[in-house]
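The values are calculated or read from the model by the stated rules, or taken from the named source; none is laboratory data. Here the structure is a predicted model, which is why all the values come from computation and not from measurement. A quick note on method: Cβ atoms are made from the backbone with ideal geometry, for glycine too, and the neighbour counts reach across all protein chains shown. The area values use the complete protein model at the heavy-atom level, side chains included, leaving out ligands, DNA and RNA. Shrake-Rupley method; radii C 1.70, N 1.55, O 1.52, S 1.80 Å.
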Amino acid sequence: LWLPLALGVAAVAAGQSPLQRRVVRDVLDYFHGRSNVHFLFKEREVDGVIEREDPSGTFVQLRLGLAQTACRKRAPQRHCRVLESRRKPTCLACYKFDTSDVPKVLDKYHNCGPSHHLA
């Protein structure tokens, strides 16, 4: 059961640009920082990706599907089992990065909730 999930997450990450992976990590940190979130969540899917460069920087937009795990966020463990029948929120994220060698976030927007609320 773990192998297909691990391979799926690895395949998703392999197709992402460095800025997209950075947005995913930042959104997970944001989501886990919310006071009403008591369990750890893992990346389930990334879709609707837009990455566009212009003279002012790079714009990244994506939808991140999450899956709840059995691990409490206050006691994270290395291997957290995904609970298939539990919450599967979706986060919409929009980020604007500058053009420096190590891009800085100029602006960002997150909206996380049940996927039907973000339709």
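For Asp26, are the conditions met, namely being under 15 Å from the mean Cα position of the chain (by Cα) and open to solvent by less than 60 Å² (accessible area, probe 1.4 Å)? It is true that Asp26 is under 15 Å from the mean Cα position of the chain (by Cα) and open to solvent by less than 60 Å² (accessible area, probe 1.4 Å). Scanning region 60-119 for residues that are farther than 16 Å from Val24 by Cα and of a type in the set (A, V, I, L, M) returns Ala70, Ala75, Val82, Leu83, Val102, Leu106, Leu118, Ala119. Residues that are at negative phi, at pLDDT 95 or above, charged (D, E, K, R) and not in a helix (DSSP H, G or I): does region 8-25 have at least one? No.
Let's see how each residue does on (1) open to solvent by 70 Å² or more (accessible area, probe 1.4 Å); (2) of a type in the set (Val, Ile, Thr); (3) at pLDDT 90 or above; (4) within 14 Å of the chain's Cα centre (by Cα):
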{"position": "Val37", "(1), (2), (3), (4)": "no, yes, yes, no"}
{"position": "Leu66", "(1), (2), (3), (4)": "no, no, yes, yes"}
{"position": "Ala75", "(1), (2), (3), (4)": "no, no, no, no"}
{"position": "Glu84", "(1), (2), (3), (4)": "yes, no, no, no"}
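Do we find a residue being assigned to a helix (DSSP H, G or I) and of a type in the set (A, V, I, L, M) anywhere in region 27-39?
The answer is yes, given that some residue of region 27-39 is assigned to a helix (DSSP H, G or I) and of a type in the set (A, V, I, L, M).
Within the set of pairs 6+ apart or on separate chains, which have a first residue in region 56-82 that is under 27 Å from Ser17 (Cβ atoms), a second that is β-branched (Val, Ile, Thr) and exposed (fewer than 12 other Cβ atoms within 10 Å of the Cβ), and C-beta atoms under 7 Å apart? Once the first residue is under 27 Å from Ser17 (Cβ atoms) and sits in region 56-82, its partners that are β-branched (Val, Ile, Thr) and exposed (fewer than 12 other Cβ atoms within 10 Å of the Cβ) give Gln61/Ile50.
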